[in-house]
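These notes concern the structure reproduced below.
The values are calculated or read from the model by the stated rules, or taken from the named source; none is laboratory data. As the structure is a prediction and not an experimental result, all values here were calculated from the model. Here the Cβ positions follow ideal geometry from the backbone for every residue, glycine too, while neighbour counts run over all protein chains shown. Please note that ligands, DNA and RNA were not included when accessible areas were found on the heavy atoms of the full protein model with its side chains. Shrake-Rupley method; radii C 1.70, N 1.55, O 1.52, S 1.80 Å.
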Amino acid sequence: MGTEFQIDGMTCGNCARHVTDAIQSVPEVRSATVSLERNRATIRWNNSENVPAVLKAVQKAGYAAHEAGDMAQTGRTHWQWALWTGIVITAILMTGEWVFGLEKVRWFRLASFVLAGIVQIYSGAQFYRGAWRQLKIASSNMDTLVALGSTAAFAYSTWALFSGPGRHLYFMEAAAIITIVSLGHWIEARVSEKAGSAMRSLLNLAPQTAQLLFRQPERIHEVLVSQLQTNDEVLLRPGDRIPVDGIVTEGDSTVDESALTGESRPAEKNPGKELFAGTVNLNGLLVMRVTATGEETALAHIVAAVQRAQTSRADIQRLGDRVSAVFVPVIVLIALVAGFWWGLAPASAHAVHHFLGHVLWYSNIPAGAAAGVIIATAVLIVACPCAMGLATPAAIMAAANAAARRGILIRDGVALEKAGRITALVFDKTGTLTAGKPEIASVLEMQQARFKPQSLAANLARNSSHPLSQALAVQSAETIELDSWREVGGSGIEASVRHIPGQVRLGSLRWLAANGIDLSRADEFISKWTALGSNIIGLAVERNPLALFAMLDGLKPDAPGVVKQLRGQGLKIYMVTGDNSRTAASIAAQAGIPDDHVLAEVQPAQKADFVTKLQAKGERVAFIGDGINDAPALAQANLGIAVSRASDIARESADIVLLKSEITGVPEALALARATLRTIKQNLFWAFFYNSIGVPLASLGFVSPVFCAVAMGVSDLVVIGNALRLLRRKL
């Protein structure tokens, strides 16, 4: 279960990112989701909760946190009232000055002082608190700039009001700065919430209650899902959303798993089939035995993966972080220099402004000390570090959600960045390019034996997890007593069988030949079936062949199209397999992979070696596989992609996991990664461009503080809006 915290002091998306980083630095935290709009942090724990450590980490980052309760809603309501107070008062001040021309009237000047003071104290409190918290940890952020800018305008106007008549007052500008920045961040928070829509929809998939089935006497009782335990039986009616993971024990139905996997076709479910929390039973009555609850369900793991990806960092983000670390002090220094220049040497400042005005435009700049204050205020306000801080996280969050909607789980921002730079893809054949469900196409019996070849092969294969072994294991229910059973990785199985003298072997032709078994009599059978893409599995006793099994594992229907699409993107496609070279060549030809890009008859460790050789040639390699044997290659590759139903080890080694059976997710994931990398670069360019243009314009008097406040908000929205385009991207 998650724990909610109220976070105080956040004013922008960059603040939310800093809080997230601080919370996730606590070892006990599995994932953290921070909502700027709600000022909430939802934390999912590993094995134990450590609330004091979270509170300390948030405080160290310059914010305040406490466990959410009634105070949380009160805090949010206060923030909204503060925003509306600023909007109303700013509107009154603007109307008085711009519509009715009351800026010189004494009573309006005094009223402006009072009203702007309310905005400074009440609406600006969030910025002052944020700036103070940052100051206490010897840091600074956007709050520092807003607090300094608005205070400078308000303080100068207060002095001008009470020092004598005639001077222009900037109470309206001081109030507008706080109000417009607050409004901009409120819009930013609302827009940012859209980026988390996929994850919130995942969180809402599992129902709150379930129909618990009791057998003696037989009755049904509605209980909270949190009360379910392993091995409980749950009744599922048509239309019910499945509450936890389990296995069907009774009934037949179809289940909509699209919310989890992106797979549009309903999955057939009958006794023995797996069910997953959050999916929907469509048209039949099912009884399910619970196998996983709470944080152990597939849905919980998917949610955690999406959260981890959303809050992760990419290497490219380091540039923005390095700049942001020194940005605020530099801007304060520039503001001071510009302010003193306009205040103490106005002639030269006006001369530069007039000279550039021929090319740009002219602004109405006040005289004397007022010019220094207003120029310094404009510099402080226009320079917003938020856009730089949000450039990468906003794009990663949007991409992680867009991928999750398509049944693609991305481990983190680094994985996205690596995926966008891949130059070569290596496919494992079985279960990736092929369906992974081989069937016996033909059997050649070469010698009589005490046991039928199918029975002997089934007993040898029964304890192996290899797809070919599993296909052979179901060929007979007869039990044969085996001794010294041993599986030779990537080769086959050997054992001793009572009443059969010598070692019995079941495995690849290459392995059998290495053990001295002559298969030349079966050349015609072997040639015929390998040309059709079959794997030939041999059964032998000592040096005597007993039978050959032609195992046909068909190519996935979408494999040729996927390979063509990937090659069209300029990627080099390779295939590796433990199968013999003729079978591999047949499958590769059907998929559209060149002969010289196929490596056959390889051991599991050699797959990783092949990846290493490609990397030595300068290729950035993605490996795509689905089994335990693929784990070394997945780990060695620049990018590991595990397909649906991948083993736990393969999933742990992978950067990207495809939750649906089709490999169409591979080009989708890579295209999304490239789009994300492009979006990050666009955002960083905009952030640097905005500040490199905005700060000089403000320093030279070409933009007013109010315009700067608007521009700052627009800058943040441009970055977030550009990132949100990834959610609508059609791949």
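In order along the stretch 548-553, phi translates into HN-Hα couplings of 10, 10, 8, 9, 9, 10 Hz, rounded to whole numbers, per the Karplus curve 6.51 cos²θ - 1.76 cosθ + 1.60 with θ = phi - 60° and x for Gly and Pro. When the Cα positions of HIS358, LEU456, SER226 are compared along the charge dipole of the chain, HIS358 comes out farthest toward the positive end, with charges on each C-beta of Lys, Arg, Asp and Glu.
Note on exposure: ASP596, ASP412, ASP428 ranked by accessible area (1.4 Å probe, complete protein assembly) read ASP596, ASP412, ASP428, with the most exposed listed first. Checking the cross-link pairs LYS564/LYS681; LYS418/LYS617; LYS556/LYS660; LYS572/LYS613; LYS269/LYS437; LYS572/LYS607 against a 21 Å limit on the alpha carbon distance flags LYS564/LYS681 as lying beyond it.
Select from the chain the helices, each a whole stretch of DSSP H, whose alpha-carbon atoms run 27 Å or more along the helix axis and whose Kyte-Doolittle mean is at least -1.0; answer none if there are none.
70-94, 142-163, 171-195, 317-344, 386-405, 665-699, 705-724
In this structure the chain gives 43 Å² per residue of accessible area when probed at 1.4 Å with all protein chains present. Heavy-atom accessible area, probed at 1.4 angstrom with all protein chains present, ranks TRP361, TRP186, TRP159, TRP98 as TRP98, TRP159, TRP361, TRP186, highest first.
Label the chain by shape, choosing from rounded, prolate and oblate, from the square roots a ≥ b ≥ c of the eigenvalues of the Cα gyration tensor; if a/c is under 1.5 it is rounded, and otherwise prolate applies when a/b is larger than b/c, oblate when it is not.
It is prolate, given that a/c is not under 1.5 and a/b is the larger ratio.
Taking a straight line from the alpha carbon of LYS452, these aspartates and glutamates sit under 16 Å away, with near neighbours fewer than eight places off in the same chain left out: GLU478, GLU481. Measuring with a 1.4 angstrom probe and ignoring ligands and nucleic acids, HIS499 comes out at about 130 Å² accessible. Using just its DSSP H runs of length 4 or more, each adding -39500 (n - 2.57), the chain gives a mean residue ellipticity at 222 nm of -15500 deg cm²/dmol after division by all residues. Taking a ≥ b ≥ c as the square roots of the eigenvalues of the Cα gyration tensor, the stretch 126-177 is classed as prolate, since a/c reaches at least 1.5 and a/b is larger than b/c. Counting only protein heavy atoms and a probe of 1.4 Å, the accessible surface of the chain is 58% carbon and sulfur.
Computed packing ranks the peptides 126-134, 396-404 as 396-404, 126-134, most packed first, by mean other Cβ atoms within 10 Å.
Summarising the strand pairing of the chain, around 80 percent of its internal DSSP beta bridges are antiparallel. Relative to the Cα centre, the charge distribution of the chain, modelled as +1 at Lys and Arg Cβ and -1 at Asp and Glu Cβ, gives a dipole magnitude of about 1860 debye.
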